[in-house]
Amino acid sequence: PSSSLDADAFGDWFRSNGRTLAILGGAIVVAAGGAYLWQWNRAGTATRAETAYFKALQTGGSSPAALETALRQVAAGYDGTAGGAQAQMQLAQLLFDQGKFQEGLKVLGEASDAPAELKDGVQTLTAVGYEGLGRYAEAGKLYESLAGAADTDIRRETLQAAAARAYQAANGRAAALRLWSAIAAREA
């Protein structure tokens, strides 16, 4: 009896499909190389962004205007990286300190593509900006949303307290009382 896997049949199949296999193998090698280069470039960009951010903090420290200019350059040049998001957050805080809450919120809106580990900070600063503009109810809702996703009890309670203060400022006594009561009811 003859086997369906004999060497001649395999050799014939390989010769007739060799070109297709070579193209497929080449495509896999090119795709793997492209993925490696993309990751390598991304890691390099992240490193350059961090370096640029810290350099901006050092060189821009001579005056608020110089710091603002340096942070804007990093924020624009490295948007979507950790260094770029840190620059955007620092710039927003600088603008808030100058009373430019709307402009600071605009900068934070551009940080929506911040890495996951910085999104919480961007949202917290956004709530601070809402408070600065007198949009206390929006700030309270955002603080409360962040509290629901907090990973520690201290962070959760801090955000709930911020939400309660914002609701109080917005004349939302019932919402504030609900949050203060929930915090006070915890024995820890």
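Can you tell me which residues in the stretch 81-119 are surrounded by 23 or more Cβ atoms within 10 Å (Cβ to Cβ) and free of Cβ contacts under 8 Å to residues at least 24 places away in the same chain?
Within the stretch 81-119, Leu91, Leu108 qualify.
Would the stretch 51-74 turn up any residue that is of a type outside the set (S, T, N, Q), closer than 25 Å to Ser145 by Cβ and open to solvent by 30 Å² or more (accessible area, probe 1.4 Å)?
no
Give, as residue ranges, the helices (runs of 4 or more DSSP H) completely inside the stretch 73-152 that count at least 3 residues that are polar (S, T, N, Q).
82-97, 116-132
Only one of (1) farther than 24 Å from Leu142 by Cα; (2) under 20 Å from the mean Cα position of the chain (by Cα); (3) modelled with pLDDT of 85 or more; (4) surrounded by fewer than 16 Cβ atoms within 10 Å (Cβ to Cβ) fails for Tyr78. Which number is that?
The number of the failed condition is (4).
Search the stretch 45-68 for residues that are modelled with pLDDT under 80 and pair each with any residue that is surrounded by fewer than 14 Cβ atoms within 10 Å (Cβ to Cβ) when their beta-carbon atoms are under 6 Å apart and the residues are at least 6 apart or on different chains.
Pairs that qualify, where the first residue is modelled with pLDDT under 80 and the partner is surrounded by fewer than 14 Cβ atoms within 10 Å (Cβ to Cβ), are Gly60/Ala66.
Among (1) in contact with a helix residue (DSSP H, G or I) (Cβ under 6 Å, 6 or more places away or on another chain); (2) closer than 30 Å to Gly77 by Cα, there is one condition Lys119 misses while meeting the rest; what is its number?
So Lys119 meets the others, but not (1).
The values are calculated or read from the model by the stated rules, or taken from the named source; none is laboratory data. Predicted model, so just to flag it, every value in this text is computed and none were measured. Heads up, the Cβs are rebuilt from the backbone with ideal geometry, glycines too, and the neighbour counts pull from every protein chain shown. Surface accessibility is based on the protein's heavy atoms, side chains included, excluding ligands, DNA and RNA. Shrake-Rupley method; radii C 1.70, N 1.55, O 1.52, S 1.80 Å.
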